[in-house]
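Participant: Take this structure, written in structure tokens, and hold onto it; I'll ask about it next.
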Amino acid sequence: MKAYSLFNKDLASEIRTRYAVNSLAMFILVTISVILFSVGSEKVSENLTGGLFWAVIFFTSMSGLSRAFVSEEERGTALTLQLIASPTTVFSGKLLFNLILVFAMNIVVAALYSTLFDAFIIKNFALFIALFILGNIGIAVSSTIIAAIISKAGSKGTLYPVLSFPILLPLILILIDLTKMAMGGLEAYSAYVELAALVCYNVIMITASYMLFDFIWKD
Amino acid sequence: MSNYLLKIENVSRSFGRRLIFKDVDYVFNSNGIYGVSGSNGSGKSTLVKIIAGVLSPSSGKIIHSAGGLNISSEKLYNHIGLVSPYLILYDEFSAEENLKHIAQIRGIEYPAQKVNKLLERLFLLERKDDLVRGYSSGMKQRLKFIFALMHSPELIILDEPTSNLDNAGKKTVYEIITEESKAGIVIIASNEENDLALCKEIINLEQFKNKNA
């Protein structure tokens, strides 16, 4: 309940300041436009569009999801949060906000992408929904804990992609593989190992994040 | 009368190789106003942050207990109110919105009556719906007192409590500090003579420097 109240505060703040939404929206538009212009009239293979789809999502996440903690540190309100909530509440509230943001953002990316790229055709929709949900949870959890770590550092802008790359790489690789399978129309049982790996990644990241956050949050 | 006990046990803090203070040892075991003094850079704010649980000591420990039971660091925020120059409230919200959000995050019912009384005493009632962004530094400082007091904490920590305040604001703040000290422990970290004059005991951090370290 307290975490939900923190989420509400962040949502009200976001509606007033557009701190994350504007940069995310711009990034989505710019990245998709750049891909469209660079592809031109070339015929793009199905596999490539699947890979590019997650590349767009990866870079968009880089641009907007760090805001959860960075904005609190930059504005000096992190101390206020430390004085009104436990570390668990803070992490849960920020994670909930990033989850909603990631899902909203990626639904827009998926809609735009499938409209603009003819080759992006999903044949096994159930598998795509499963990987989309699990993938978004993974991205939100990883981005939130990385944002908490870099918010305490000096050079936030550089550190975020540097830290995110090795942490998100296994997730993105599995997601690209699964997207290929969903585009190829493979049955869900063929993707059992990849889906299990995705679940494991999320469980590990959630557990590690809650264990680490207390140490990160306190100076 | 609260049964709050605050023990500072051999607390030292360094930043890198620079020692700020060493082996601060003190027990706050009765209600009243206590002072922390020392020159600029002596570590007043650092000690205050360590007591508030937002900064870890390099060595030593801080024990908070209420009613004979130790308070875990996870729950400490329920028992503490802090006012300091480096505390910043959300400037995209009005004073009342800030306080409502904070009450919700704390998990307490918004104490409207208490808040309105404090807003009136601190001359903010008419401006409670204005965005904090438009407040002067003195108004922001007064709002921080409401932030620190609205959940009725047993331990109130005030770092430079009268900074940016005019005479009327200072007078009200001193009245509030005196009232709160009857129900709990108030710690004032300051160099202002008038602030320290309220204190029954003062810790001078200059005594906890190890010049040879």
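Participant: How many of the residues making up the range B:80-131 are in contact with a strand residue (DSSP E or B) (Cβ under 6 Å, 6 or more places away or on another chain) and under 19 Å from residue A:86 (Cα atoms)?
Facilitator: Residues flagged as in contact with a strand residue (DSSP E or B) (Cβ under 6 Å, 6 or more places away or on another chain) and under 19 Å from residue A:86 (Cα atoms) within the range B:80-131 amount to 4.
Participant: For the range B:157-176, enumerate the residues that are among the small types (Gly, Ala, Ser) and not in a loop (DSSP other than H, G, I, E, B).
Facilitator: Taking the range B:157-176 and keeping what is among the small types (Gly, Ala, Ser), we get B:163, B:168-169.
Hits for the range B:157-176 are B:168, B:169.
Participant: State the number of residues belonging to the range B:96-116 that are hydrophobic (A, V, I, L, M, F, W, C), crowded, with 16+ Cβ neighbours inside 10 Å and over 23 Å from residue B:133 (Cβ atoms).
Facilitator: Going through the range B:96-116 one residue at a time, the tally reaches 0.
Participant: For the range B:177-206: of the residues being assigned to a helix (DSSP H, G or I) and out of contact with any strand residue (DSSP E or B) (no Cβ under 9 Å at 6 or more places or on another chain), which is surrounded by the fewest Cβ atoms within 10 Å (Cβ to Cβ)?
Facilitator: Residue satisfying both the conditions and the ranking: B:193.
Participant: Quick one: which residue in B:160, B:179 is in contact (Cβ under 8 Å) with a residue 60 or more places away in the chain and of a type in the set (D, E, K, R)?
Facilitator: Exactly one residue qualifies, and that residue is B:160.
Participant: Where in the range A:3-91 are there helices (runs of 4 or more DSSP H), lying fully within it, with 2 or more residues that are more than 14 Å from every other protein chain (Cβ to nearest Cβ) and touching a helix residue (DSSP H, G or I) at 6+ places or on another chain (Cβ under 7 Å)?
Facilitator: In the range A:3-91, the matching helices (runs of 4 or more DSSP H) lie at A:21-39, A:46-64, A:67-75.
Participant: Also: Evaluate the following for residue A:108: is it outside any helix (DSSP H, G or I) and over 23 Å from residue B:88 (Cβ atoms)? Reasoning before the result, please.
Facilitator: Numbers: outside any helix (DSSP H, G or I): no; over 23 Å from residue B:88 (Cβ atoms): yes.
So residue A:108 fails the test.
Participant: If I filter the range B:163-176 down to residues being among the polar types (S, T, N, Q) and touching a residue at least 12 places away in the same chain (Cβ under 8 Å), which single residue comes out as nearest to residue B:198 (Cα to Cα)? Write out each step before concluding.
Facilitator: To start, the set of residues in the range B:163-176 that are among the polar types (S, T, N, Q) comprises B:163-164, B:167, B:172.
Now restrict to residues that are touching a residue at least 12 places away in the same chain (Cβ under 8 Å): B:163-164, B:172.
Details: B:163: 16, B:164: 19, B:172: 13 Å.
Checking each candidate, the answer is B:172.
Participant: What are the residue pairs meeting all of these: first residue in the range A:34-57, first residue under 23 Å from residue A:168 (Cα atoms) and crowded, with 18+ Cβ neighbours inside 10 Å, second residue at pLDDT below 85 and among the charged types (D, E, K, R), Cβ atoms under 9 Å, and 6 or more apart or on different chains?
Facilitator: Hits for this filter: A:49/A:118.
Participant: Now, a different point. Could we say that residue B:126 is within 9 Å of chain A (Cβ to nearest Cβ), at negative phi, among the acidic types (Asp, Glu) and part of a helix (DSSP H, G or I) here?
Facilitator: So residue B:126 fails the test.
Participant: For residues that are closer than 15 Å to residue B:42 by Cβ and not small (Gly, Ala, Ser), tally how many sit in the range B:188-213.
Facilitator: So the answer is 14.
Participant: Is it fair to say residue B:82 is under 20 Å from residue B:183 (Cβ atoms) and within 16 Å of the chain's Cα centre (by Cα)?
Facilitator: yes
Participant: Tally time: how many residues in the range B:5-44 are basic (Lys, Arg), over 27 Å from residue B:175 (Cα atoms) and touching a strand residue (DSSP E or B) at 6+ places or on another chain (Cβ under 7 Å)?
Facilitator: 2
The values are calculated or read from the model by the stated rules, or taken from the named source; none is laboratory data. Note that the coordinates shown come from a computational prediction; the quantities given were computed from them, not determined experimentally. We place every Cβ from the backbone using ideal geometry, glycine too, and count neighbours over all the protein chains shown.
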